[in-house]
1. Could you list, in sequence order, the residues of segment 150-165 that are in contact with a strand residue (DSSP E or B) (Cβ under 9 Å, 6 or more places away or on another chain) and surrounded by fewer than 18 Cβ atoms within 10 Å (Cβ to Cβ)?
2. Within segment 54-80, count every residue that is over 14 Å from residue 12 (Cβ atoms) and free of Cβ contacts under 8 Å to residues at least 24 places away in the same chain.
3. Quick check, is residue 190 modelled with pLDDT of 95 or more and part of a loop (DSSP other than H, G, I, E, B)?
4. Within segment 11-42, take every residue that is out of contact with any helix residue (DSSP H, G or I) (no Cβ under 9 Å at 6 or more places or on another chain) and assigned to a strand (DSSP E or B) and give me the one that is farthest from residue 84 (Cα to Cα).
5. Would you check if residue 205 is in a helix (DSSP H, G or I) and surrounded by fewer than 18 Cβ atoms within 10 Å (Cβ to Cβ)?
6. For segment 27-41, does any single residue satisfy the condition of being free of Cβ contacts under 8 Å to residues at least 24 places away in the same chain, touching a strand residue (DSSP E or B) at 6+ places or on another chain (Cβ under 8 Å) and either surrounded by 16 or more Cβ atoms within 10 Å (Cβ to Cβ) or closer than 14 Å to residue 2 by Cβ (or both)?
7. Is segment 166-173 home to any residue that is at pLDDT 95 or above and either on the phi > 0 side of the Ramachandran plot or not in a strand (DSSP E or B) (or both)?
8. Just one of (1) more than 17 Å from the chain's Cα centre (by Cα); (2) within 19 Å of residue 191 (Cβ to Cβ) trips up residue 32, so point out which.
C-alpha cells in the first residue's frame, strides 16, 4: 500500500489548555478505500524533513483548515503549520514525490511560489460550478466533464493574474477564480474542493487522487 503523508489543521482548545493537530477522519477512510495509508504530519517537528524521509512516503497531501498566517484578518491561523508545510515543500521541490494541495493546501502552493490570494464571497459551505480549461488533461482523464459541480469551503481564492508562471490553471469558477492547478514541471497539483467530503464529483475525485499518486482508477 502506498503511504501518503498528510498535513493537519491546528486547533487551540482553551478549555483543556491544549493545542491539537487534527485530521478529518474522512481522509483516512478515503485513502484506505483507495488502497493507501494516511500518515498524519505533526506540526511541532524540529525537522519535518528528517521525519518525512524516515516515513518513506509515496506522496504528500496538504489538507484544508487554518487560514495562512500572513492573510489580513486570518482566522484560526497557525504559524507552526505554515512553517511545517513550507519546509516540506522546500524539500519536496528537490524530489519527484507527488503533492496534492486541497483548499488551504492549494492556497499554500500558490503562496509558496509568490502568488497572490484574494477574498472571495459565497464559497464557504456550498457547491458551485467550475469549468475546466483547455489544458486540463489530468482532470479529463479522471472523468471530470468540462462543466462540473464541486463542493466549496473557502473564503480565499486565486485570480488568474495572481498565479505564478510555474503553475498552470486547470479549472475556473464562474467568477474566473482558479479552482485547480498543476505545476509545469513537478508532480504537484492543487484543487480548491474537498475530495474527502461528499459531493457530486466524488467518484471523479477518487480517480484524481489515484491518478496523482500513480495508482489505478476506481
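The values are calculated or read from the model by the stated rules, or taken from the named source; none is laboratory data. Bear in mind the structure is a predicted one, so any value in this text is a computation, not a measurement. Every residue, glycine as well, gets a Cβ built from its backbone with ideal geometry; the counts of neighbours run over all protein chains shown.
1. Kept after step one, since they are in contact with a strand residue (DSSP E or B) (Cβ under 9 Å, 6 or more places away or on another chain), are these residues of segment 150-165: 150-160, 162-163.
The answer is 153, 155, 159, 160, 162.
2. Looking only at segment 54-80, we keep the residues that are over 14 Å from residue 12 (Cβ atoms), and these are 54-64, 68, 70-73.
With free of Cβ contacts under 8 Å to residues at least 24 places away in the same chain added as a condition, the list becomes 54, 72-73.
Within segment 54-80, residues that are over 14 Å from residue 12 (Cβ atoms) and free of Cβ contacts under 8 Å to residues at least 24 places away in the same chain number 3.
3. Details: modelled with pLDDT of 95 or more: yes; part of a loop (DSSP other than H, G, I, E, B): no.
No, not satisfied.
4. 13
5. Numbers: in a helix (DSSP H, G or I): yes; surrounded by fewer than 18 Cβ atoms within 10 Å (Cβ to Cβ): no.
It is false that residue 205 is in a helix (DSSP H, G or I) and surrounded by fewer than 18 Cβ atoms within 10 Å (Cβ to Cβ).
6. Looking for residues that are free of Cβ contacts under 8 Å to residues at least 24 places away in the same chain, touching a strand residue (DSSP E or B) at 6+ places or on another chain (Cβ under 8 Å) and either surrounded by 16 or more Cβ atoms within 10 Å (Cβ to Cβ) or closer than 14 Å to residue 2 by Cβ (or both), one finds at least one in segment 27-41, hence yes.
7. Yes; the residues of segment 166-173 include at least one that is at pLDDT 95 or above and either on the phi > 0 side of the Ramachandran plot or not in a strand (DSSP E or B) (or both).
8. It fails just one condition, (2).
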